[in-house]
Amino acid sequence: MSAPGVVSHFDAVVVGAGFAGLTMLFRLREIGLSVRVIERGSGVGGTWFWNRYPGARVDVPSMHYSLAIDPNLEQDWNWPETFSAQADLERYANHIADRFHLRSDIQFDTTLIAATYDEDRNRWWVGTDGGDTIECKYLISAAGCLSATNVPDFAGLESFGGSWYHTSRWPREGVDLTGKVVGIVGTGSTGIQAVPVLAEQVKHLYVFQRTANFSVPSKNKKMDPDFQRDWKTHYDDHRKVARLTSSGLSWPEPPTVSALEVSVEERNRVYEDAWINSSYTPLGLLRGFSDIATNLEANETCAEFVRNKIRQIVKDQQVAELLCPKDHPIGTKRICVDDGYYETFNRPNVTLVDVRGDPIAEVVPTGLRTTATQYDLDVLVFATGFDAMTGPLLAMNIVGRDGLTLRDKWNAGPVTYLGLQTVGFPNLFMITGPGSPSVLANMTTCIEQHVEWVRDAIEHMEHGGLVTMEPDAEAEDRWVHHVNEVADFTLFKQADSWYLGANIPGKPRVFMPYVGGFGNYRAKCDQVVEENYAGFSFT
Ligand code: N01
C-alpha cells in the first residue's frame, strides 16, 4: 500500500469489499488487471460487516444466497441455518477473502471521497480520506444499494444523556442492554428483525412505529444436512434456473392464475400454504397468484390474509390494529421477514408507540418526547434505514466529462443505461446500480451477473485496444423510459418506500430498481453484447 499523499496507478479501482467488491476483484484478476479495492470498514463483508444489530439475518434462503465464483467453494461451505445470520455471512465473506488471497488488493479503513475524470488522459483520479490519490482506467462502484445510513434529523439528539446507535453501525463488541429501558425507532425489515431479540435482553422496549409493515415468519431452522447435500449435488442446475427466473432464485415462476379467479377457500389455502412453508422463501406469499403486484383488488386479498394473521397472533386488538398495515399494498414496500415479531407485542415488557398519531417531537436528555408523552430511555436505537441506491454513489463526489457532477446529472433522480453506466462518466461502472433489478431480486445472482458483464466489457476493451466506454444518450433515455413504464404497470409507486426515495426528505421521487424481472433483464444485457454492445460507444 502506498503512503498517504502518494499517487499510485491501477487498471481498476473498485469501491467496496462486500460480496460485489470481492467478486469483482476475483473476476478482474482473472483477466490480468491490477486492482485496488477501497473499503471504508476494517473488514470484508459490506452489508454483513456493518449490519451486526441483534437479529440481523438474510431474508433469502442460505443455499440461494451464495456465490458461484468457484465450484469447490460451494461444495466446501456449509450453512448452519436455513436463513443465515449476520455472523455466518460475515464469516463466509472472510473465508472467500482468505481462500482466494484477496486481502492484498484491499485497502481497509479508507473512504473514497472524490473521483474526477481526466479527459486529457482518459483516466479517473480517485481521492481517499487518507490523502491518497489513485489513477485508474476503470472505476467500479460496488458500494451497495443500502450502505448510506439514514439518521433522522431529530431535534435535541446531541443532548441525549444515554447512548444511541444506528442499526447499521452497531458496535462490533456488541451492546449490553441488560436491565436497560430501550427505545427503537423504525419498523422496516431491520426493526422487525431486531425487536424480538432486543425484547429478550432489555428491561423494557418501546417500539416507535410510524408506518406498520407487512412481515411473514422466516421459520428459520437448523440446516438439514441431507437437504444441503442434495442441493450441492444439483448446484449447477439450481444456478442455471436462478439465472433465468424473475426473482434470481432457483424457484418456479408464479402461476398464471389471478387471485380473483379462484374461490375464497382456494385463495386462502394458497396463502396459508405459503405462510406455513415460508421457510422455502417468504416471498412465496406474494407469488401465489399472477396479479398480486399489479391488481389492487387481488393484492388486497393477500394483504387482508396477513392482517388477519396479525389479529390472531397479537392478543391486544388495539395493538394488533396498529400493527396492521393499511396505507400501502402488500409487497410495494420490501416485505419483511421475522422470527416472532408480532408475538413480541404480547410480552409485558414491550410497548408499541404510534408515532403517526403522536409524532416524535424531540430527543431530550432523558429520552424521547412525542407531542403527547415523554419516554425515559437509557438507549435509543435507530432502525431508520438508508439513503438507498443513489446515496452511496453520490457520496463519492464523482465528476465526469466537462466537469459534470453525478449529483447534478441525477438532480431529478438517477438515469442510467441498464443500471450499469451513465452518460458523461466514461469507464464508470455500477454493480447493481439504479435501473437494474438489484434489490428486487436475489442480490447474489444480481451481483454475479453484473460483475461478469462488466468483466467481459472490460476484457472486450482491453483486447480491442479501446480507451473509453460510455452509453449513448438515446439508449439511456430509452432505458429510463422503460424502467418507468414497467414500474407504472405495477402497484409499487403507491407506497412511500425507499425504492422511490420517499424515506429521505427532499430526495426526488423516482422508482429506482428495475421491476421487469431478473431473467428478462439478463436477456436484455446479453442481447446488448450480442449486438456488439448496442447502445454503448467506445473510443
Ligand atoms: O429501513 P426502512 P430498514 N421518524 O427504510 C422509520 C434491507 N434489509 O433498515 O415507513 C419515525 O425499510 C420508517 O418509517 P416510515 C431490506 O431490503 C434486509 O428496516 O418512513 N420513523 C421505517 O419504519 C430493507 O427493505 C434485511 O414511516 C422513522 C424505518 O424507520 C432495507 O434493508 C434486514 C423516521 C426504516 O425502514 C431497509 O430496511 C434488514 C422518523 N423520522 C434490512 N425515519 C434482511 O435481509 C425513518 N423511520 C432480512
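HIS238 - would you say it is under 23 Å from the mean Cα position of the chain (by Cα), of a type outside the set (Gly, Ala, Ser), more than 30 Å from LEU394 (Cβ to Cβ) and away from the ligand (no atom under 16 Å from the Cβ)? The answer is yes for HIS238.
For segment 463-493, the tally of residues that are within 28 Å of LEU286 (Cα to Cα), away from the ligand (no atom under 14 Å from the Cβ), outside any loop (DSSP other than H, G, I, E, B) and in contact with a Pro (Cβ under 9 Å, 6 or more places away or on another chain) stands at 4.
Would you be able to say whether some residue in segment 463-482 is within 19 Å of the chain's Cα centre (by Cα) and closer than 18 Å to SER246 by Cβ? No: segment 463-482 contains no residue that is within 19 Å of the chain's Cα centre (by Cα) and closer than 18 Å to SER246 by Cβ. Considering LEU157, LEU89, the condition of being crowded, with 19+ Cβ neighbours inside 10 Å, of a type in the set (A, V, I, L, M) and within 16 Å of the ligand (Cβ to nearest atom) is satisfied by LEU89 alone. Inside segment 180-201, residues that are more than 12 Å from the ligand (Cβ to nearest atom) and buried (at least 21 other Cβ atoms within 10 Å of the Cβ) make up a count of 4.
Listed by first and then second residue, the pairs with beta-carbon distance under 6 Å, at least 6 apart or on different chains, first residue in segment 319-332 and free of Cβ contacts under 8 Å to residues at least 40 places away in the same chain, second crowded, with 18+ Cβ neighbours inside 10 Å, are VAL319/PHE345; VAL319/LEU352; ALA320/ILE310; ALA320/VAL314. In summary, MET512 fulfils each of the numbered conditions (1) within 16 Å of the ligand (Cβ to nearest atom); (2) more than 30 Å from GLY188 (Cβ to Cβ) with the single exception of condition (2).
The single condition among (1) in contact with a Gly (Cβ under 6 Å, 6 or more places away or on another chain); (2) free of Cβ contacts under 8 Å to residues at least 40 places away in the same chain that TYR206 does not satisfy is (2). Taking the criterion of being farther than 19 Å from TRP48 by Cα and either modelled with pLDDT of 95 or more or aromatic (Phe, Trp, Tyr) (or both), would at least one residue in segment 85-98 satisfy it? No, there is no match, as no residue in segment 85-98 is farther than 19 Å from TRP48 by Cα and either modelled with pLDDT of 95 or more or aromatic (Phe, Trp, Tyr) (or both). Candidates in segment 326-362 are the residues that are more than 10 Å from the ligand (Cβ to nearest atom) and closer than 23 Å to ASP291 by Cβ; of these, the one that is surrounded by the fewest Cβ atoms within 10 Å (Cβ to Cβ) is LYS326.
Go through LEU177, LEU139 for me and flag whichever is more than 16 Å from the ligand (Cβ to nearest atom), assigned to a strand (DSSP E or B) and in contact (Cβ under 8 Å) with a residue 12 or more places away in the chain. Criteria check complete, one pass: LEU139. Quick check on LEU249: is it under 20 Å from the mean Cα position of the chain (by Cα) and within 16 Å of the ligand (Cβ to nearest atom)? Spelling it out, LEU249 is indeed under 20 Å from the mean Cα position of the chain (by Cα) and within 16 Å of the ligand (Cβ to nearest atom).
Taken together, the residues in segment 486-520 that are under 17 Å from ASP291 (Cα atoms) and over 18 Å from the mean Cα position of the chain (by Cα) amount to 8.
Which one is nearest to GLU119 (Cα to Cα), of the residues in segment 420-435 that are in a strand (DSSP E or B) and out of contact with any Pro (no Cβ under 7 Å at 6 or more places or on another chain)? Applying the filter and picking the extreme gives LEU428. SER218 meets each of the listed conditions (1) of a type in the set (Gly, Ala, Ser); (2) within 14 Å of the ligand (Cβ to nearest atom); (3) under 30 Å from MET430 (Cα atoms) apart from (3). The set of residues in segment 370-413 that are within 16 Å of the ligand (Cβ to nearest atom) and either without any contact (Cβ under 8 Å) to a residue 60 or more places away in the chain or of a type in the set (Ser, Thr, Tyr) (or both) comprises THR370, THR371, ALA372, THR373, TYR375, THR384, THR390. The test for being out of contact with any strand residue (DSSP E or B) (no Cβ under 6 Å at 6 or more places or on another chain), under 21 Å from ILE447 (Cα atoms) and surrounded by 15 or more Cβ atoms within 10 Å (Cβ to Cβ) holds for ALA242. Screening ARG269 against (1) over 27 Å from the mean Cα position of the chain (by Cα); (2) in contact (Cβ under 8 Å) with a residue 12 or more places away in the chain leaves a single unmet condition, (2). Scanning segment 468-504 for residues that are over 29 Å from PHE536 (Cα atoms) and not hydroxyl-bearing (Ser, Thr, Tyr) yields LEU491, PHE492, LYS493, GLN494, ALA495, ASP496, TRP498, ALA502, ASN503, ILE504. Within segment 495-522, residues that are on the phi > 0 side of the Ramachandran plot and at pLDDT 95 or above have Cβ atoms under 7 Å from residues that are away from the ligand (no atom under 16 Å from the Cβ) and in a loop (DSSP other than H, G, I, E, B) in these pairs: GLY501/PRO508; GLY501/VAL510; GLY517/SER246, counting only partners at least 6 apart in sequence or on another chain. On the given criteria, is GLY419 within 16 Å of the ligand (Cβ to nearest atom) and either of a type outside the set (Lys, Arg) or under 23 Å from THR111 (Cα atoms) (or both)? No.
The values are calculated or read from the model by the stated rules, or taken from the named source; none is laboratory data. All values reported here derive from a predicted model rather than from experimental measurement. No Cβ is skipped: glycine too gets one built from the backbone with ideal geometry, and neighbour counts run over all protein chains shown.
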